[in-house]
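What follows is a single structure, written as structure tokens, with notes after it.
The values are calculated or read from the model by the stated rules, or taken from the named source; none is laboratory data. Small disclaimer: the values here were computed from a predicted structure and weren't measured. Here the Cβ is made from the backbone with ideal geometry for all residues, glycine too, and neighbour counts use every protein chain on show. When the accessible area is computed, the model is the full protein with side chains, heavy atoms only, and any ligands, DNA or RNA have been set aside. Shrake-Rupley method; radii C 1.70, N 1.55, O 1.52, S 1.80 Å.
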Amino acid sequence: MSWGSELWDQFDNLEKHTQWGIEFVEKYTKFVKERSEIETNYAKQIRNLSKKYQPKKNSREDEESKYSFCRAFLTTLNELNDYAGQHEVIAENLTSQIIAELSRYLQDIKTERKMHFHDGRKAQQHIESSWKQLESCKRRFERDCKEADRAQQYFEKMDADINVTKADVEKARQQAQMRHQMASDSKGDYSSYLQKFNQEQNDHYYTIIPNIFQKLQDMEEKRIERIGVCMKTFADVDRQVLPIVGKCLDGMTKAAESIEPKDDSKQVVESYKSGFEPPGEVEFEDYGQAMKRTASDTSLTNSREGKEKPVSKSKGKLWPFIKNKNKGSGPEDFSHLPPEQRRKKLQGKIDDLNKDIQKDMDQRDALTKMKDVYVKNPQMGDPASVDPRLLEIGQNIEKLQLEVQKFEGWLAEVEERMPSKSDTQRRSGIFETQNNTTVSNNCAQDRESPDGSYTEEQNSETQVIKVNTHPVPTSSTPEFDDEFDDEETLPTIGTCKALYPFEGHNEGTISVAEGELLYVIEEDKGDGWTRVRRNGEEEGYVPTSYVEVFLETNAKDS
């Protein structure tokens, strides 16, 4: 059906209807905008929730790497963060694909509607003006006819009156003829203008108005079609992120399924076991037969000797009851502790020292890179200003390395006295800590608890140090890193995407192209550089601001 033929007399109603259609588009645009704001706020709240429950650094090192349920929860938080990102994508797509498009379309449709109704009003004004002119011609023709009729009657009256002069009769006759001529002219004008008006009216109602209304109809149908497309896009925007949302949910499910209660229970044992056996039965001492007593384990002399000698069996059995007395005190080598406890303390001390070493090495590397930049661009700074700090850090690293050697010697002595794993496995566990990887007490798993007493022997300790101590360079050079890189490759902790190209001319850096995907093997330590790996072979540093990092707790080593 055509608006021009069916609604030829509904100009005002069509004007109201098209205005309502534009208002509907504005209302729908506002609806999508509010939905986009909801998605943005929801994503922000989800991100804040994930960030709020992210473990702290010390907690992550001590707990998250140890228990499977903690690792699963951390994975869930990371997946939830990605899930929030998909809602941000929804908000962005709603804004770009619907809100922006409809805003531009509204301006166009308002302009088009205004133009069509301007033409319609102009056509209406023209036909109304023609109608008024036709009415004016009609009234003039009617007036002239009446005047001619009155003049004819007056002439006939004058002609019949014998008292009227002939001149008056002739004058009346001429007046009647003139009126008849005027009436005849008015009739001709009225007839011709009537014909013209009918043509204009026919054009108006069958050509001009239908064309205008047809354009309005096309405009309205396009508006409805555009609304339909936007509503479909509204659903597609959600549908496009469903696969990624599904992967996020699958990641959460996989993390939940990776929880191992048995392994977590073993971790509790490994973390808190003391390594000694429970106290044995207390023997009965019969003071009623003092004269018959002989030298035995229950005698006063032997009991005193047992107290004085730290090598007695009873002393070992009383460890659980006396260990709290020495808490917070004791020698540097923790020799006052039982073997298993001493081993854990020494291993923890070595881990802390290695972390301090790695932190200083990272700072040294950053300062070295800064110095290289100053050398190439003197206007940015004086290279010599970095040397004092580099020297200080180098001396601190050497001091910490000597401390590590010392504690490793004590640890080797303890492990030789305990039924434990091979020395190679112990050494590899130590190297892992020096590579700044997450260290737990697993390096001494499956060790048997000491079943006897423990005695300090300084001579054997010195021998162990000579055998198991690793050589450490005295100078602050990159050889320290290379020594441990040969032992074990750093694991990947996530991925990153290059936001900008980076040439990587300096030593230790790596060049990347915009959009390139790389593996992250070391986070930014505060110096503005991130360590990455390409294809499992090439490694180096890139500016942290040049990449977008996606850390994963379950990232696989490349």
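A few comments on the model shown:
- Cβ-Cβ contacts under 8 Å between residues 6 or more apart (or on different chains), taken from a first residue in region 511-528 that is surrounded by fewer than 14 Cβ atoms within 10 Å (Cβ to Cβ) to a second residue that is of a type outside the set (A, V, I, L, M, F, W, C) and part of a loop (DSSP other than H, G, I, E, B), are listed as Ala513/Pro501; Glu514/Tyr500; Glu514/Pro501.
- Selected residue (criterion: nearest to Gln133 (Cα to Cα)) from residues of region 144-164 that are assigned to a helix (DSSP H, G or I) and open to solvent by less than 70 Å² (accessible area, probe 1.4 Å): Asp144
- Filter result for Ile212 (open to solvent by less than 80 Å² (accessible area, probe 1.4 Å), at pLDDT 90 or above, assigned to a helix (DSSP H, G or I) and over 30 Å from Ser50 (Cα atoms)): yes
- Remark: pairs (first residue in region 94-113, within 15 Å of Met231 (Cα to Cα); second residue of a type in the set (Gly, Ala, Ser) and assigned to a helix (DSSP H, G or I); Cβ separation under 7 Å; 6+ apart in sequence or on different chains) = Leu94/Ser36; Thr95/Ser36; Ile99/Ser36.
- For region 341-395, the tally of residues that are β-branched (Val, Ile, Thr), over 21 Å from Thr530 (Cβ atoms) and in contact (Cβ under 8 Å) with a residue 60 or more places away in the chain stands at 1.
- For region 501-534, filtering for residues that are under 21 Å from the mean Cα position of the chain (by Cα), farther than 20 Å from Ala366 by Cβ and part of a loop (DSSP other than H, G, I, E, B) leaves 3.
- Single match in His17, His87 (criterion: within 18 Å of the chain's Cα centre (by Cα) and either under 29 Å from Glu260 (Cβ atoms) or not hydroxyl-bearing (Ser, Thr, Tyr) (or both)): His87
- Listed here are the helices (runs of 4 or more DSSP H) enclosed by region 235-320 that have at least 2 residues being modelled with pLDDT of 65 or more and either under 26 Å from the mean Cα position of the chain (by Cα) or among the charged types (D, E, K, R) (or both): 261-272.
- Scan of region 197-209 for residues that are surrounded by 13 or more Cβ atoms within 10 Å (Cβ to Cβ) and over 30 Å from Thr111 (Cα atoms), ordered by number: Phe197
- Test: residue in region 403-423 that is within 28 Å of Pro331 (Cα to Cα), among the polar types (S, T, N, Q) and modelled with pLDDT under 85: yes
- Sole exception among (1) out of contact with any Leu (no Cβ under 9 Å at 6 or more places or on another chain); (2) modelled with pLDDT under 90 for Tyr190, by number: (1)
- Failed item, numbered, when Lys57 is tested on (1) modelled with pLDDT under 85; (2) surrounded by 16 or more Cβ atoms within 10 Å (Cβ to Cβ): (2)
- Filter pass, Thr233 being of a type in the set (Val, Ile, Thr) and exposed (fewer than 13 other Cβ atoms within 10 Å of the Cβ): no
- Search result, residues across region 1-49 that are under 27 Å from Val241 (Cα atoms), open to solvent by less than 40 Å² (accessible area, probe 1.4 Å) and not β-branched (Val, Ile, Thr): Tyr28, Ser36, Glu39, Ala43
Residue-wise test of (1) modelled with pLDDT of 85 or more; (2) under 32 Å from the mean Cα position of the chain (by Cα); (3) more than 24 Å from Asp524 (Cα to Cα); (4) buried (at least 16 other Cβ atoms within 10 Å of the Cβ).
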| residue | (1), (2), (3), (4) |
| --- | --- |
| Pro338 | no, no, yes, yes |
| Lys345 | no, no, yes, yes |
| Asp351 | yes, no, no, yes |
| Ile357 | yes, no, no, yes |
| Gln363 | yes, yes, no, yes |
| Lys371 | no, no, no, yes |
| Tyr374 | no, no, no, yes |
| Asp387 | yes, no, no, no |
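- Residue match in region 165-187 (condition: closer than 30 Å to Trp3 by Cβ, surrounded by 14 or more Cβ atoms within 10 Å (Cβ to Cβ) and of a type outside the set (Val, Ile, Thr)): no
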